[in-house]
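**Q** Let me give you the structure first, and then I'll get to my questions.
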Amino acid sequence: MSLRVGVIGTGMIGRDHIRRMRTVQAGVSVVAVADVDGELAARVAAGIGAVAHPDGRELIASPGVDAVVVCSWGGTHEEYVLAAIAAGKPVFCEKPLATSQQACLRIMAAEAGHGSRLVQVGYMRRYDAAYRALKQVLDSGVIGAPLMMHCAHRNAGVPDFYQPDNIITDTAVHEIDLVRWMFGSEIVRVRVLRPRASRNAGELPDPLLLVLELANEVLVDVELSVNVRYGYDIRGEILGEDGTVSLGDPGLVAVRRAGQVGGPVPADWRDRFGAAYDVELRDWAASAAGSGPPDGPGAWDGYAAAVVSEAAVRALRTGEPVTVTLVDRPKLYD
């Protein structure tokens with residue numbers, strides 16, 4: 001029997017996930033959609049033969065929906081994730097899990113009350129083949145104990161509604177989750193440094209250097225730039241005691257011509273991480289269909305990312321280092 005999925009939020013990422021579940025995944029049917037823009041939801045539903053619900057809560061309560069994908073704006077995530085937990089339905093929530101650490105704590109408490117994991121959060125880099133290869137080398141021990149990691153997260157541009165704090169909460173949050181997973185250690189201290197602003201920055205604090213200190217004493221720096229114009233460029237290199245390992249060049253081909261070497265740069269996140277999204281949703285759907293609890297990033301990871309993000313925003317505003325304090329990790333997430 002096909003897993004019947006309802007999607008809340010039919011904007012760009014919601015429609016992309018609907019396409020993904022309908023074209024690259026077996027055993028999944030998108031049977032319901034909801035959006036604050038009812039006309040948009042109706043058009044999307046008509047195009048795929050699904051039911052358009054007037055709101056997300058009604059979609060979650062529908063007996064025809066087995067599992068839920070939340071792609072609405074971040075401020076609604078807590079409400080819908082809590083409703084899915086109350087209904088006992090697996091829920092995949094695009095990042096952020098919620099917009100505050102207090103909201104994330106409420107979600108964890110609800111999941112603990114349910115007694116098993118139902119929530120997966122959309123940090124897709126854990127599913128990227130290049131990052132997984134990076135972690136495989138790290139875990140093998142061939143470069144020795146890790147000492148530092150250098151990251152770069154460069155966007156060609158960002159939408160007009162992008163605000164200064166978004167460089168942390170929407171952009172750097174991917175590296176925040178990534179390094180916790182990569183090194184199996186929590187972030188305990190953050191600092192944000194501001195070099196000379198780019199002429200392309202406008203009112204944004206662009207670029208930034210985010211410095212993350214982990215409990216295992218690994219030090220991570222993340223170069224953040226959201227208006228580099230030339231493309232979407234993601235980089236990473238780990239320095240170990242006996243060697244280094246780094247992500248490969250994102251270009252699939254190198255062209256040598258007229259005394260120059262060049263290649264394509266991804267235009268945006270869909271070009272760079274499309275395959276990772278495919279694997280991520282496939283993994284979640286298998287879990288939701290009964291293969292076992294989700295093994296991807298869960299509510300604890302969403303909470304930890306929220307706490308570190310809040311600390312980094314405070315560091316950005318004050319220019320001072322900020323200590324990160326997490327609650328004790330519930331046994332459900334061990």
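The values are calculated or read from the model by the stated rules, or taken from the named source; none is laboratory data. Predicted model, so just to flag it, every value in this text is computed and none were measured. Glycine gets a Cβ as well: all are built from the backbone with ideal geometry, and neighbour counts include every protein chain shown.
**Q** Is there a residue in segment 236-257 that is among the acidic types (Asp, Glu) and touching a strand residue (DSSP E or B) at 6+ places or on another chain (Cβ under 8 Å)?
**A** Yes, the conditions are met somewhere in segment 236-257.
**Q** Which residues, counting only those in segment 176-216, are of a type in the set (Asp, Glu), more than 19 Å from Glu237 (Cβ to Cβ) and at pLDDT 95 or above?
**A** Matches in segment 176-216: Glu186, Asp206.
**Q** Which residues, counting only those in segment 281-316, are in contact (Cβ under 8 Å) with a residue 24 or more places away in the chain and assigned to a loop (DSSP other than H, G, I, E, B)?
**A** Those that are in contact (Cβ under 8 Å) with a residue 24 or more places away in the chain and assigned to a loop (DSSP other than H, G, I, E, B): Pro293, Pro294, Gly296, Pro297, Gly298.
**Q** Select from segment 96-121 the residues that are hydroxyl-bearing (Ser, Thr, Tyr) and more than 19 Å from Asn166 (Cα to Cα) and list them in ascending order.
**A** Listed by number, the list holds a single entry, Ser116.
**Q** Separate question: Given the criteria assigned by TED's automatic domain parsing to the domain that holds Ser185, touching a residue at least 12 places away in the same chain (Cβ under 8 Å) and over 18 Å from the mean Cα position of the chain (by Cα), does Gly319 qualify?
**A** So Gly319 fits the description; yes.
**Q** Where in segment 233-275 are the strands (runs of 3 or more DSSP E), entirely inside, with at least 3 residues that are of a type in the set (A, V, I, L, M, F, W, C)?
**A** 233-240
**Q** Only residues that are part of a loop (DSSP other than H, G, I, E, B) and either without any contact (Cβ under 8 Å) to a residue 40 or more places away in the chain or closer than 15 Å to Gly9 by Cβ (or both): list them for segment 44-88, please.
**A** Within segment 44-88, Gly49, Ala50, Pro54, Asp55, Pro63, Val65, Cys71, Ser72, Trp73, Ala87, Gly88 qualify.
**Q** Answer yes or no as to whether Val226 is touching a Leu at 6+ places or on another chain (Cβ under 6 Å) and at pLDDT 95 or above.
**A** Against the criterion (touching a Leu at 6+ places or on another chain (Cβ under 6 Å) and at pLDDT 95 or above), Val226 does not qualify.
**Q** Taking Gly27 and the conditions (1) touching a His at 6+ places or on another chain (Cβ under 8 Å); (2) modelled with pLDDT under 95, which numbered condition does it fall short on, given that it satisfies the others?
**A** Evaluating Gly27 over (1) touching a His at 6+ places or on another chain (Cβ under 8 Å); (2) modelled with pLDDT under 95 leaves (1) as the failure.
**Q** For segment 35-49, indicate whether the set of residues that are in the same structural domain as Pro96 (by TED's automatic domain parsing), farther than 20 Å from Arg282 by Cβ, buried (at least 18 other Cβ atoms within 10 Å of the Cβ) and among the small types (Gly, Ala, Ser) is non-empty.
**A** Checking segment 35-49: at least one residue is in the same structural domain as Pro96 (by TED's automatic domain parsing), farther than 20 Å from Arg282 by Cβ, buried (at least 18 other Cβ atoms within 10 Å of the Cβ) and among the small types (Gly, Ala, Ser).
**Q** Still on this structure: Tell me the residue from Asp221, Asp249, Asp242 that is modelled with pLDDT of 95 or more, loosely packed, with under 13 Cβ neighbours inside 10 Å and within 25 Å of Trp181 (Cβ to Cβ), please.
**A** Of the residues listed, the single one that is modelled with pLDDT of 95 or more, loosely packed, with under 13 Cβ neighbours inside 10 Å and within 25 Å of Trp181 (Cβ to Cβ) is Asp242.
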